[in-house]
Amino acid sequence: MAFEIRECTNTETAKALFQEYATIKGAESCFVSFGEELADIAGFYAGGAVLIGWSDDAPAACVAIKKKDGTHCEAKRLFVKPEFRGNGYARAMMNAMLDRARALGFSEVSFTTKPSVMRTAYGLYKRMGFVETGEKDGIVSMKMDL
């Protein structure tokens, strides 16, 4: 299986992946202002990027970069469809996101995660060098200097 990561050119593809991600039981609190985001993905991520991972011709994964200010961005919506998990796609998506964030001129990337629901992703973030900056109601904030 060939895996390729490209900047999103079709927001319907991103929307479908985001909506599938939103069905993860227990992750509901990770989707604040989700309706606004889905209504205008291009506007919501203006100044950032949405990356889609393709396995052959099928959309398999996504991750997004939301501009917070001139030097800081937030990583959002890292998701690998269940049938594509176990192939290293999450790490590849994270590395592509970090590369793209650097290319966009950001010096720090942050995000939130819910370790009780996303244990595997949380472990990946820690192994990649993200550090915890806080926790509230089971949602952990993390960051990495670029």
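Screening Met118 with (1) closer than 26 Å to Asn10 by Cα; (2) of a type outside the set (Gly, Ala, Ser); (3) surrounded by 15 or more Cβ atoms within 10 Å (Cβ to Cβ); (4) modelled with pLDDT under 95 gives one miss only, at (1).
The test for being of a type in the set (S, T, N, Q) and closer than 19 Å to Phe34 by Cβ holds for Thr112. Residues that are touching a Cys at 6+ places or on another chain (Cβ under 9 Å) and of a type in the set (D, E, K, R) within the range 44-75 comprise Lys66, Lys67, listed in sequence order. Restricting attention to the range 52-94, the residues being small (Gly, Ala, Ser) and under 22 Å from Asp145 (Cβ atoms) number 5. The single condition among (1) free of Cβ contacts under 8 Å to residues at least 24 places away in the same chain; (2) under 25 Å from Ala2 (Cα atoms) that Leu98 does not meet is (1). For the range 110-146, the set of residues classified as free of Cβ contacts under 8 Å to residues at least 12 places away in the same chain and either of a type in the set (Phe, Trp, Tyr) or assigned to a strand (DSSP E or B) (or both) consists of Glu132, Gly134, Glu135, Lys136, listed by residue number.
Would you call Ile52 within 15 Å of the chain's Cα centre (by Cα) and modelled with pLDDT of 95 or more? Yes; evaluated as a whole, the condition is true for this residue.
Here Gly35, Gly105, Gly47, Gly86 are screened, and the one residue that is in a helix (DSSP H, G or I), surrounded by fewer than 20 Cβ atoms within 10 Å (Cβ to Cβ) and either under 12 Å from the mean Cα position of the chain (by Cα) or not aromatic (Phe, Trp, Tyr) (or both) is Gly35. Has the range 126-139 got at least one residue that is aliphatic (A, V, I, L, M) and surrounded by 18 or more Cβ atoms within 10 Å (Cβ to Cβ)? Within the range 126-139, none of the residues are aliphatic (A, V, I, L, M) and surrounded by 18 or more Cβ atoms within 10 Å (Cβ to Cβ).
The values are calculated or read from the model by the stated rules, or taken from the named source; none is laboratory data. What you are looking at is a predicted structure, and each value in this text was computed from that prediction instead of being measured. Positions of Cβ are generated from backbone atoms using ideal geometry, with glycine treated the same way; all protein chains shown enter the neighbour counts.
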